[in-house]
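Visitor: Once you've had a glance at the structure underneath, I'll fire off some questions.
We did not get these values from a lab; they are worked out from the coordinates using the rules stated. Just so it is clear, the structure is predicted and the values come from calculations on it, not from any experiment. FYI the Cβ positions are ideal-geometry reconstructions off the backbone, even for glycines, and counts take in every protein chain you see.
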Amino acid sequence: MLPLFSKLSPCLIGVEACGTAHYWARILAAMGHEVRLIPPSYVKAYVKGGKSDALDAEAICEAVQRPTMRFVPVKMIEQQSILMTHRARSLLVRQRTEGEPCFRGSAG
């Protein structure tokens, strides 16, 4: 994929926002492209018919050109690292408290 985008002159690239989208947005922006990340719920409104890669790509292309579309800001590596740490901590807390009995009042 990188050789393809490195040969293109700088252009607008729309990507559905997900965990790896931020990584690719940073890489493509470093090549001079303008990358816009679109929330999946916004893309869904432009999908015509069932779910397929071709229909998703068409919907992203349509959505990215809308003047009033709101985009997700690209996260830097540090921001993603902090979010990953918070998510891991949240999961650990949830797993540790899962199934523990809840005591109310005194047992006596």
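Visitor: Based on C-alpha coordinates, I'd like the Rg and Dmax of the stretch 1-64, in Å.
Guide: 12.1, 35
Visitor: In degrees, nearest 10, range 0 to 90: what is the angle between the Cα axis of helix 21-30 and the longest Cα principal axis of the chain?
Guide: Result, in degrees: 40.
Visitor: Using Cα pairs under 8 angstrom and six or more residues apart, how large is the relative contact order of the chain, in percent? Walk me through the numbers before you get to the answer.
Guide: On the way: 92 pairs, mean separation 24.9, N = 108.
Computed over the chain, the figure is 23 percent.
Visitor: Let me ask another. I'd like the FRET efficiency for M84 and M31, computed as 1/(1 + (r/R0)^6) with the beta carbon distance as r and R0 of 22 Å, rounded to 0.05.
Guide: The computed FRET efficiency comes out at 0.30.
Visitor: Enumerate the calculated ³J(HN,Hα) couplings along the stretch 78-94 in order (Karplus 6.51 cos²θ - 1.76 cosθ + 1.60, θ = phi - 60°), each rounded to whole Hz, writing x wherever the residue is Gly or Pro.
Guide: 5, 5, 5, 5, 5, 4, 5, 5, 5, 5, 5, 5, 4, 5, 4, 4, 4
Visitor: A further question follows. In percent, what relative contact order does the stretch 6-49 have, based on Cα pairs under 8 Å that are 6 or more apart in sequence?
Guide: Working: 43 pairs, mean separation 19.7, N = 44.
Here the relative contact order equals 45 percent.
Visitor: Right, something else. Place +1 on the Cβ of every Lys and Arg and -1 on the Cβ of every Asp and Glu in the chain, take the dipole about the Cα centre, and give the residue among S90, M1, G50 whose Cα lies farthest towards its positive end.
Guide: S90
Visitor: Using the per-residue mean of other Cβ atoms lying within 10 Å as a proxy for protection, in what order, highest first, do the peptides 13-26, 83-96 fall? Could the numbers behind the result be given before it?
Guide: Working: 13-26: 17.0, 83-96: 10.1.
The peptides rank, most packed first, as 13-26, 83-96.
Visitor: For E16, list long-range residues whose amide hydrogen, built 1.01 Å from N in the peptide plane, is under 5 Å from its own amide hydrogen.
Guide: I38
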